[in-house]
Every structure is written in C-alpha cells, then in structure tokens.
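Below is one structure, written out as structure tokens; the observations come after it.
Values in this text are rule-based calculations from the coordinates and carry no lab data. Treat the numbers as computed from the prediction; the structure is a model and nothing was measured. Backbone-built Cβ (ideal geometry, glycine too); neighbour counts: all protein chains shown.
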Amino acid sequence: MKKIILSIFLTGLLISPAFMMGQITANTPTDGLYRNQGVVDRVPMPLPSVRKADIMWSKRIWREIDFRQKMNNVFYFPTVQQQNWKSFITVILDALKQGKITAYDISNTDELLVPITYNEII
C-alpha cells in the first residue's frame with residue numbers, strides 16, 4: 001500500500017510542472033490610472049528664440065576628423081560601397097552631386113560666403 005501511494009505521489013510530482021506553466025493573456029489588465037504611451041507620443045519642447053542682445057560671447061570651432069583613429073573607423077569604412085552601406089564622404093559627395101546640400105569655399109576666410117559646385121571639389 002505504501003508503495004502504491006509513494007508511486008502515485010512521485011508520479012504527481014513529476015507531472016505537476018507541466019500543469020504549472022502560466023498562460024500568456026492577449027491583453028494585460030490596466031494596473032494604473034492611465035495607459036503609459038511611452039516616449040513615442042511625446043513632442044519635444046521648442047527651443048526659445050535667441051535675441052542678438054542676449055548673446056554675450058560666441059566662438060567658432062573647426063574640427064578635423066582623423067579617420068585613422070579607431071573610434072572614427074565607422075566614417076571611413078567601407079571603402080567600396082556595398083548595397084546601402086556607404087562611407088561618410090561618399091554620402092556627402094552624393095548629396096553634393098544631387099544638390100541636396102551646398103559646399104562652401106573657406107580658403108580665403110573662415111566664413112561660409114562663397115558656394116562651390118561639385119565639379120570644383122572634384
């Protein structure tokens with residue numbers, strides 16, 4: 001009798017984890033007062049306009065990107081275009097060729113006054 005009860009008990013222990021699996025419900029109940037939509041629907045606040053009288057000091061900084069550095073390799077590679085994967089300079093030259101952006105000559109002054117064409121760059 002003890003063996004039968006023990007075998008039924010052990011069989012029940014072995015089978016019970018299969019019945020303990022929770023079922024995933026399609027709609028989870030709302031546990032708060034409102035449904036949190038996350039960041040998707042949020043609109044950033046517009047920046048306030050800056051008056052010329054509010055500017056006390058300004059500085060223009062020119063930076064050079066060294067493509068030999070490891071952290072800048074993403075701008076350099078791939079050297080040959082592969083499907084939609086292009087290097088940074090290829091994207092810029094393509095945009096210049098299509099007229100989406102304008103390049104400026106800064107050889108005489110540091111001001112962006114004289115626009116140049118794609119053919120002048122090449």
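Computed quantities for the displayed model
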| item | result |
| --- | --- |
| Cross-link partners of Lys97 among lysines (Cα-Cα below 28 Å; sequence separation of 8 or more within a chain) | Lys86 |
| Listed residue (Trp85, Met71, Thr102) projecting farthest to the positive dipole end of the stretch 66-122, Cβ model | Trp85 |
| Residues Lys86, Lys3 arranged by fewest to most Cβ contacts within 10 Å | Lys3, Lys86 |
| Which of Phe77, Phe9 has the fewest Cβ neighbours within 10 Å, and the rest in rising order | Phe9, Phe77 |
| Built amide H within the under 5 Å cut-off of Ala103, gap 5+ | Ile116 |
